[in-house]
């Protein structure tokens, strides 16, 4: 595994504080607009914390989970082993359109977009993977000082200067062929920016 291939400041955190931060991932998924029977992608899925409830929510729709880290993808596969609509893909997120065999209704990425070096480029790849009218949801940390975003009594999340406000996300995603549809609060420190493919 080439660590240089990973996006900046996007390593998977310890399970204890991840669970404390995201105790109800299905509510987050519903909040951004994922619904039953959709075909969806959990992009940079990590250990599958969001993937498992995604599989259950969209069934009988299909869920693809893509990650570059083989160890994390293996954990996601373990978490989703009882879901027949699950498919794991070991690949770079920027290769998404080449790695799935159809276009999808929804692409979801959580806590990773801040570290992507070419955000518009990744958004273009997502655009290619989506059906007409498909949606791209980005879960991001609000730009608050890291010392203010505590979980289990410790500062968490990426460095403050890597965090993006929704308007900054909009500026780099819309040029890829999207229109911002809505911003939703999805946790104490996060928002979901939902974009419509146009």
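The values are calculated or read from the model by the stated rules, or taken from the named source; none is laboratory data. Quick caveat: nothing in here was measured; it's all calculated off a predicted structure. All Cβ positions, even for glycine, are placed from backbone atoms using ideal geometry, and neighbour counts span all protein chains on display.
Details
- Of all residues in the range 92-126, those that are touching a helix residue (DSSP H, G or I) at 6+ places or on another chain (Cβ under 7 Å), part of a loop (DSSP other than H, G, I, E, B) and closer than 14 Å to residue 41 by Cα total 3.
- Of the candidates 169, 104, the single residue that is modelled with pLDDT of 95 or more, touching a strand residue (DSSP E or B) at 6+ places or on another chain (Cβ under 6 Å) and farther than 19 Å from residue 183 by Cα is 104.
- Near pairs, Cβ below 6 angstrom, 6+ apart or cross-chain, from the range 13-28 (closer than 15 Å to residue 44 by Cβ) to any residue that is outside any loop (DSSP other than H, G, I, E, B) and modelled with pLDDT of 90 or more: 25/53
- Residue 121 vs. criteria surrounded by fewer than 19 Cβ atoms within 10 Å (Cβ to Cβ) and under 29 Å from residue 159 (Cβ atoms): yes
- If you go through the range 63-87 and keep only what is in contact (Cβ under 8 Å) with a residue 40 or more places away in the chain, in contact with a strand residue (DSSP E or B) (Cβ under 9 Å, 6 or more places away or on another chain) and surrounded by fewer than 21 Cβ atoms within 10 Å (Cβ to Cβ), you end up with 68, 70.
- Residue count for the range 134-163, restricted to those that are assigned to a strand (DSSP E or B), modelled with pLDDT under 95 and in contact with a helix residue (DSSP H, G or I) (Cβ under 7 Å, 6 or more places away or on another chain): 2.
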